[in-house]
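The values are calculated or read from the model by the stated rules, or taken from the named source; none is laboratory data. Remember, it's a predicted structure, so these values are computed and weren't measured experimentally. Quick reminder, even Gly has a Cβ in these numbers, built from the backbone with ideal geometry, and neighbours come from all protein chains shown.
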């Protein structure tokens, strides 16, 4: 199930199940979105990205959905594995020349064996 | 693939001293790099945009005299935490864009000020 921790909400799933991680972004002018995976003590690792002219993009075992109407992103992980346990962040890039990448609050994914 | 190297990976310093963190793009040139700070169990907060050959652009609330950024070459940006105090203890991460808007991140630097 999903619970809200002190800072990071946590999603706990059984190994082999599908995971859905949600993210609300803040700026309607953002036109590029990225999902990152971060393991403890490491920098963010790119998972998948999507541009605002798309509403769905699939990768290997991962799918990103974008709903611009409600400014919502989701990351779906199929057949979740123990190695997927990490913190997941969505990030948005503003449609300007700054190339700034702004991160969402993050979700911790715990995979139960 | 594009690699961003960050050094050191961890550092402990005494309160009042300064610490320099390096961020290098190993196989590409980066006119722009970004510095983030991350506190435990929190997200990455953008501190500043580092621009090669010009002054860095700081985010609101980030003290530019406290966090000095130098981007003197196309492959190196440095962040110096001046007169560090325990509240500056954090995980500092840099990033760069090897191609288009796709970003590559360093492995981070854990700073502990005692």
In segment A:92-113, which residue that is buried (at least 16 other Cβ atoms within 10 Å of the Cβ) and touching a helix residue (DSSP H, G or I) at 6+ places or on another chain (Cβ under 8 Å) is farthest from the other protein chains (Cβ to nearest Cβ)? A:111
Taking residue A:55, is it at pLDDT 95 or above and out of contact with any strand residue (DSSP E or B) (no Cβ under 8 Å at 6 or more places or on another chain)? no
Mind counting the residues in segment A:81-104 that are more than 22 Å from residue B:43 (Cβ to Cβ) and in contact with a strand residue (DSSP E or B) (Cβ under 6 Å, 6 or more places away or on another chain)? 1
Go through (1) away from chain A (no Cβ under 14 Å); (2) in a strand (DSSP E or B); (3) without any contact (Cβ under 8 Å) to a residue 60 or more places away in the chain and name the single condition residue B:20 misses. (3)
May I ask you to list the residues in segment B:69-114 that are within 13 Å of another protein chain (Cβ to nearest Cβ), under 21 Å from residue A:98 (Cβ atoms) and part of a loop (DSSP other than H, G, I, E, B)? B:100, B:101, B:106
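One line per residue, one yes/no per condition, for (1) modelled with pLDDT of 95 or more; (2) over 14 Å from the mean Cα position of the chain (by Cα); (3) assigned to a strand (DSSP E or B):
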site	(1), (2), (3)
A:22	yes, no, yes
A:31	no, yes, yes
A:64	yes, no, yes
A:74	yes, no, yes
A:92	no, no, yes
Under 8 Å between Cβ atoms, at least 6 apart or on separate chains: pull out the pairs that start in segment B:31-47 with a residue that is at the interface with chain A (Cβ under 7 Å from one of its Cβ atoms) and without any contact (Cβ under 8 Å) to a residue 12 or more places away in the chain and end on any residue that is in a strand (DSSP E or B) and surrounded by 16 or more Cβ atoms within 10 Å (Cβ to Cβ). B:43/A:89; B:43/A:103
Residue that is over 16 Å from residue A:44 (Cβ atoms) and buried (at least 21 other Cβ atoms within 10 Å of the Cβ), where the choices are B:62, B:4, B:11, B:81: B:81
